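Notes for the one structure printed next.
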Amino acid sequence: MIFQFLNIEQLEGIIYFLSGVLSTIISSLSIYAYRKKGVKKILYAVFAFLFFTFYLFFEALEDFYPILQSNSVLELFASSITTLVILFFFFAIIKK
């Protein structure tokens with residue numbers, strides 16, 4: 001019933017927002033684990049989760065405010081964040 005009042009973009013924005021909340025929780029747990037253990041690999045994962053959280057909230061804002069979709073600078077910013085997420089996860093895997 002709720003889906004009748006929402007269009008696809010709004011539903012997508014809600015999903016991005018909820019994923020952002022979950023990513024925030026995971027980021028917090030990662031920070032807690034890093035403080036408790038002090039393992040450098042966890043710190044790379046913390047940064048990856050934080051950047052992913054920024055990306056998800058940005059995507060949610062983009063779906064709620066379509067004017068943001070036409071800005072190519074913001075699209076470049078979002079693409080850069082995705083690249084940073086991948087790099088930090090890669091560093092978390094390969095660093096000793």
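Does the range 17-36 contain at least one residue that is part of a helix (DSSP H, G or I), surrounded by fewer than 12 Cβ atoms within 10 Å (Cβ to Cβ) and charged (D, E, K, R)?
Looking for residues that are part of a helix (DSSP H, G or I), surrounded by fewer than 12 Cβ atoms within 10 Å (Cβ to Cβ) and charged (D, E, K, R), one finds at least one in the range 17-36, hence yes.
Tally up the residues in the range 47-88 that are modelled with pLDDT under 90 and either more than 18 Å from I15 (Cβ to Cβ) or assigned to a loop (DSSP other than H, G, I, E, B) (or both), please.
11
Looking at L68, L56, L84, L76, which one is out of contact with any strand residue (DSSP E or B) (no Cβ under 9 Å at 6 or more places or on another chain) and more than 28 Å from N7 (Cβ to Cβ)?
Exactly one of L68, L56, L84, L76 is out of contact with any strand residue (DSSP E or B) (no Cβ under 9 Å at 6 or more places or on another chain) and more than 28 Å from N7 (Cβ to Cβ), namely L84.
Is there any pair linking a residue in the range 60-78 that is in contact (Cβ under 8 Å) with a residue 60 or more places away in the chain to one that is aromatic (F, W, Y) and not in a helix (DSSP H, G or I), with Cβ under 8 Å and at least six apart or on different chains, and which?
none
The values are calculated or read from the model by the stated rules, or taken from the named source; none is laboratory data. Just so it is clear, the structure is predicted and the values come from calculations on it, not from any experiment. Cβ coordinates were reconstructed from backbone atoms using ideal geometry, including for glycine residues, and neighbour counts include every protein chain displayed.
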